[in-house]
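Everything below concerns the one structure shown next.
Any read-out appearing in this document is the output of simple, stated calculations on the displayed coordinates, not a laboratory observation. None of these values were measured; they are calculated from a predicted model. Note: ideal-geometry Cβ built from the backbone for every residue, glycine included; neighbour counts use all protein chains shown.
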Amino acid sequence: MAQFVANAWGSTSPTLATTSTATSTASSSSWPVKHAAVLEGDVILGGLMMVHSREDSITCGPIMPQGGIQALEAMLYTLDQVNKQQILPNVTLGAHLLDDCDKDTYGLEMAVDFIKVRKVISGVVGAASSVTSIQVANLLRLFRIPQVSYFSTSPELSNKQRFEYFSRTIPSDHYQVKAMVEIVKRMGWSYVSIIYEESNYGIKAYEELEELLARHNICIAIKEKLVKDSGVAEDIAYDNIVQKLLTKPRARGAIIFGSDQEVRQVMRAVRRANATGSFSWIGSDGWSARNLVSDDYEPEVEGTLSVQPQANPVRGFEEYFLNLTVENNQRNPWFVEFWEDHFQCRYPGSTSTPYNNYTRQCTTKERLSRQNTDFEDQLQFVSDAVMAFAHALKDMHHDLCGDRPSLCDAMKPTKGADLLKYLRKVKFEGLSGDHFRFDSNGDGPARYNIIHFKQSQPGQYRWIKVGEYYEGELRLNMSEVKFKMLSPKPPESVCSLPCERGQAKKYVEGESCCWHCFNCTTYQIRHPIDETHCLVCKLGTLPDAYKQYCRAIPEVYLRPESAWAIGAMAFSATGIFITLFVVGVFVRHNDTPIVRASGRELSYILLAGIFMCYGVTFALVLKPTNIVCAMQRFIVGFCFTVVYAALLTKTNRIARIFKAGKQSAKRPSFISPKSQLVICTCLVSVQILINGVWMVIAPSHAMHHYPTREDNLLVCDSYIDASYMIAFFYPILLIIVCTVYAVLTRKIPEAFNESKHIGFTMYTTCVIWLAFVPLYFGTANHVPLRITSMSVTISLSASVTVACLFSPKLYIILVRPERNVRQSMMPPRYGNMHRTAGTGPSSMMAAAVVTAATCAQEEKIQKHITPTNTENSLKTKKLCEMATQTITISSIFTSLDSNAYNQIPYADQYVPNNTTTATPTANGGGGGGGGVGGDDLEKVVANNNKINQQQHGQAQVVAVGTNNHIASSPPATACEVDASAEVTNCSGAGVGVGFGVSVGSVSNGNGNSNGNSSQRGPVLQTNL
């Protein structure tokens, strides 16, 4: 640590002892004269005082007025107060005080006297210097003599393994270093230089400084040693130190750990280098507040902040000291030197020294005063050291001697080991008024004042208190800190200024606090921990405005309140309303011909699919979650599958019926309503199976999609990988097949125009979806538009289906209800039966209400009909179509040959086998292989007409020529028609209603007709 600290607080014109050149006639070999200040007592305390300063060329330097003479007088004064106050009952304390000249070697030499003196030394006060204290402690430990230092602050002395008998009233430099680092932090410095004394005091402090600064990321620019006690430490050595400091101009802050003499040489070198004001010093207690440093070098020292152990004046000491004179202070052998140095005169009869070569003689009338005397501010620690011994001896006397008022045999002599135990336990109030106790390491309490050297007025400098450091907390009044009178702002002491926002550091090689700054890229931020590189913000985040952290990009998804969603939902809601309206109309008119003829079961399935298509929109506008995504994936394909499965079932049924009607009389399979429902269900089940397997293999989930670096789209995974095409694959396949069937059935009779409507629906749907595909893939970066386009496309497809398939039926039901009858299901030219009268053979065509009948070629008709009428109109008449629109099943076909076979469009109109069974007679012809009599014929016809009237509100009148033959059972075998003869041979029974034309022959029981009443011409067979 430092030796001692001179105090000039409040002094505007401090007085500095001037050192004379050693030109005295006294030889250096006789200097110094060994002296000792002796105070008699029952118990003697030794003392090592720094009466003289250190000098490299000779053993001792000039007198030290503050840390030397005043410290010695403080010890004598405290001993006087202890004896006066009778702290030890009837026991007096004496002293044997020596000068160590601030040198460890010389101090060790002086300490040997404590071993050799006649009286036993119970304890030693001192030394001031840490270096000297370490040497002396090693010696005293051998003889078990307790030692209490008042100015030695080296942290090394806290090691009780090595320095068991050493204690001190001043705190360790460990706390001083912490306080200095806190000051550096408060100044905002991150790049400082350190100059430390090459001694145990300086080296240990530097080691702790280095560790603490690194811990707080404060870098050391320059570190230099101050040579102590070296004859080669000339001016050039200090100049080199200053020049090195100037090589780091950005390191304005500098910490100096050293003694006042070395630091004074540094200030001189600063002036020589014309570097005044280039540095702001942080000083240790070894040199700050010392007039030796600041006098004559005030501009260089200006702005210094220093840490000093907190101390209060010793009560009564200033008055005591100011009353001292050479005459009344004979116990201090060095007081004459002090007097000469203080008044710069030669005292009469004094011994010649290298430093008292004064020409002026002292008058002996000079007196000390407050105006010409500066007092050491830390004399409290000297006084506390004496008081600690006094109270330890008191406690020891109380335990060993009881109430005996003088020393007992147990304390003759005092045992050092026992005294040490009592010494470490003392608690007392010192002469300064502060309470004192040693800590666990035998150190004094860690209390520090922060003092500042500044100009109070132009040209007037002084040390003032600006803060304190206590129990690890720094309290600093920055408003009082002015490094320059006109510049209150602390100077910057940083190697490199902090990088701007969005910049990272690139360190200069070999410099831990020096760097160059470089910009991070657009999507990078500076690493929050390691500032030497940039971090790329992860997808879905972007750097904030200051590029300090990555902020999340707001999620983008189709929100229900957005314009896109509102438009799509409005369109779908309209479609749902229309669909529900259609369902309501169909339910209300469920038993009318138009509804029944449309195939009620498939129509309702189709409407359900259309309803789901409109409802998909509301699922698509929900915020994507795993459940929502799974629901969307399923329903998007499912609703289309329901619609086009129903349409495919219809178109397939129509195509099969017409194909079978052209090729044979055999009834096609699976054309009943139940069969159609089963087929439709099977088609839909395929889509359900596909979705189920798909969900198991690749479950749907919500995810964030980043098409560009600045996007954060919350979507379902199917939107990204186009896997929705899996959901659409099967419905598209159904659309293609439906379209193919629509093309194949495009030329059916005009009366059966539902097939044309289905075809138009499929053509329009294909156009819509062909337009949707590029729109879907072209809006990958615009989620709202992509989802809206999908929902609108689905709704538009449903709307086309509603418009094309159901609007014609709604028109008939609501606007033209008179057409909602069975007869309106075929063209007007087939609405009545035509008849031609004549004497010769005649041909008559009977038209019936059927579901579908096509005669594509005239030749086919003429192959089976040989008209006898030679009228050109009948010969050339082209019967290319016979169609009746059946809406219930749309599957009935008719043939114009004799092996005709038909189906029943309405099950309730089928004439069962038990209706009438009769054997043909001579009066009645058999049509289709079986016949009934005239009465029975009228009965059956009347019965059928009655049924038609009940169901459709209109009698169905069928004119069949001269004879109507109604069979009660389907034909078992086909009839053979010979176009060149007038005989038709039939066998088996007829089915449904047989319409024949009787021409001149009577049918026999075997179905053979001869004569004028034989049956000829086409046989038209159907189920009513």
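Length gained on full extension, Lys662 to Ser278, computed as 0.36 nm times the residue gap minus the Cα-Cα distance: 126.7 nm. Using θ = phi - 60° in the Karplus curve 6.51 cos²θ - 1.76 cosθ + 1.60, the 3J(HN,Hα) couplings for region 342-354 round to 5, 9, 6, 8, 9, 6, x, x, 6, 6, 6, 10, x Hz; x is entered for Gly and Pro.
For trypsin sites (Lys or Arg not before Pro), the sites in region 705-813 that DSSP calls loop and that have at most 15 other Cβ atoms within 10 Å are Arg709, Arg746, Lys747. Phi angles across region 209-224 convert, under the Karplus curve 6.51 cos²θ - 1.76 cosθ + 1.60 with θ = phi - 60°, into 3J(HN,Hα) values of 4, 4, 5, 5, 5, 5, 5, 9, 6, 10, 9, 9, 7, 10, 10, 9 Hz, Gly and Pro given as x.
Taking a straight Cα-Cα cut-off under 28 Å and skipping sequence neighbours fewer than 8 places away in the same chain, the lysines within cross-link reach of Lys756 are Lys650, Lys659, Lys662, Lys666, Lys674, Lys747, Lys809, Lys860, Lys877, Lys878. You can think of it this way: the chain between Val815 and Asp409 has 132.1 nm of extra reach, that is 0.36 nm per residue less the Cα-Cα gap.
Taking amide H atoms as placed 1.01 Å from N in the peptide plane, the amide H of Ser280 lies under 5 Å from those of Gly253, Ala254, each 5 or more residues away in sequence or on another chain. Taking 24 Å as the limit for the C-alpha separation, the pairs Lys178/Lys225; Lys185/Lys505; Lys34/Lys116; Lys103/Lys427 exceed it in the case of Lys103/Lys427. Under the criterion of Cα pairs below 8 Å and six or more residues apart, the relative contact order for region 377-528 equals 11 percent.
Dipole of region 150-220 computed with +1 at Lys/Arg Cβ and -1 at Asp/Glu Cβ about the Cα centre; of Ser154, Tyr175, Gly202, farthest Cα towards the positive end is Tyr175. The packing ranking, built from the mean of other Cβ atoms within 10 Å per residue, places the peptides 193-202, 275-284 in the order 193-202, 275-284, highest first. For Glu224, the residues whose modelled amide H falls within less than 5 Å of its own, excluding neighbours fewer than 5 places apart on the same chain, are Ile194, Ile195, Tyr196.
Annotation for Tyr549 and Ile688: the two label points, set 7 Å from Cα along the Cα-Cβ direction, are 5.2 nm apart. Across region 503-552, how large is the tail of the calculated P(r) beyond 15 Å, expressed as a percent of all Cα pairs? Percent of Cα pairs beyond 15 Å in region 503-552: 43. Placing R0 at 51 angstrom, the Cβ-Cβ distance between Asp711 and Lys185 gives a FRET efficiency of 0.70 after rounding to 0.05. Between the C-alpha center of region 552-584 and that of region 604-650 there is a gap of 14 Å. Residues whose amide H comes within less than 5 Å of that of Leu535, counting only those at least five positions distant or on another chain, are Ile525, Arg526, His527 (H built at 1.01 Å from N in the peptide plane).
In a reduced charge model with +1 at each Lys and Arg Cβ and -1 at each Asp and Glu Cβ, region 381-468 shows a dipole moment near 240 debye about its Cα centre.
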